[in-house]
Structures are given as C-alpha cells and as structure tokens.
1. Going by the structure shown, is LYS60 in a loop (DSSP other than H, G, I, E, B) and basic (Lys, Arg)?
2. For ILE83, which of the numbered conditions (1) over 19 Å from ARG123 (Cα atoms); (2) crowded, with 16+ Cβ neighbours inside 10 Å; (3) modelled with pLDDT of 95 or more; (4) of a type outside the set (Phe, Trp, Tyr) fails to hold?
3. Please state which of the following conditions PRO76 fails to meet, knowing it meets all the rest: (1) within 21 Å of THR14 (Cβ to Cβ); (2) free of Cβ contacts under 8 Å to residues at least 60 places away in the same chain.
4. Does THR65 meet the test of being of a type outside the set (Gly, Ala, Ser) and exposed (fewer than 15 other Cβ atoms within 10 Å of the Cβ)?
5. Does ILE43 count as part of a loop (DSSP other than H, G, I, E, B), free of Cβ contacts under 8 Å to residues at least 40 places away in the same chain and buried (at least 21 other Cβ atoms within 10 Å of the Cβ)?
6. Under the condition of being part of a helix (DSSP H, G or I) and aromatic (Phe, Trp, Tyr), which residue from the range 89-123 is surrounded by the fewest Cβ atoms within 10 Å (Cβ to Cβ)?
7. Mind listing just one residue for me: the one in the range 6-53 that is within 14 Å of LEU67 (Cβ to Cβ) and of a type in the set (Ser, Thr, Tyr) and, of those, modelled with the lowest pLDDT?
8. Could you look through the range 68-88, keep only residues that are in contact with a Leu (Cβ under 9 Å, 6 or more places away or on another chain), hydrophobic (A, V, I, L, M, F, W, C) and in a loop (DSSP other than H, G, I, E, B), and pick out the one that is nearest to ASP50 (Cα to Cα)?
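The values are calculated or read from the model by the stated rules, or taken from the named source; none is laboratory data. Not measured: the values here are computed from a predicted model. Virtual Cβ from ideal backbone geometry, glycine too; neighbours counted across all protein chains shown.
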Amino acid sequence: MDKKRILIVDDAATVRKYHRSILEKAGYEVDEAINGIEALEKILAVQPYDLYLVDINMPKMDGYTFLQELRKLAIPQGPAIMISTEDKEWDMEKAFQSGANYYIPKPVEPAQLLLYAELLLGRVQSHE
C-alpha cells in the first residue's frame, strides 16, 4: 500500500510539528507549508496530496482562500480538514463553503486528528 501524503498548512511551527508527529507515527508521509501560497506552490510543483490539514489565520493567504484556490485547480482533489482556533458557527460554515470536509477547533486531540484523517483517507469505515 502506498504511503498516503498529507500537507499541513499552518503558520505556527509548533502546530505543524505537533500534527506532523501524530501523523508520522501513524505511518503517513507529511509535508508542511507556512501559508496558502507556499502550499499551492508545493502542490503544483510536486503533486497533489491525499489530505490537507489547513489553518484559517495565516499571512499572505488564509486557509479559506487556499481551499477556494485549491478547489479551482484541475488536479485530483484530496479532502481537507480545517483546524483553527476560530470556533464560531460562522467559521465552520465558511470552512465548508470554501471546500473543507471536516472542521476541528484547536487544540486537537491526537486520537481525533487520526480518526478524521483515517476516515477521509479510507483507512477505517464509519459506523453511521
């Protein structure tokens, strides 16, 4: 089975390191970008990722704009999890309108992050 590739898009180095450690321990290949512009550059230069973890508040290009631009590209579209300290209902609605598949308020519990990642990547089946 190919290793699933995940891109963490967050301007906070500590958050990127925290999410990376959780995901790498679970066997994922992880890359990082500090804002939406860097993330788009990586996606276009290398190849699309299987999953995106996206913060909202970042310099140069925020998470909403990044997802909107990503969803316009004519490339295979991986799912996205919006992770942010913004936790109002409006923020969640805007995240979904921008192209997010899930929305998780910070701080994220490791088990919660892995569960959502594995559901979106098809590693586990939901029991709905």
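1. Judged against the criteria, LYS60 is a match.
2. Of the numbered conditions (1) over 19 Å from ARG123 (Cα atoms); (2) crowded, with 16+ Cβ neighbours inside 10 Å; (3) modelled with pLDDT of 95 or more; (4) of a type outside the set (Phe, Trp, Tyr), the odd one out for ILE83 is (3).
3. The one condition PRO76 does not meet is (1).
4. When the stated conditions are applied, THR65 does not pass them.
5. No.
6. TRP90
7. My answer is TYR49.
8. Going through the qualifying residues, I end up with ILE75.
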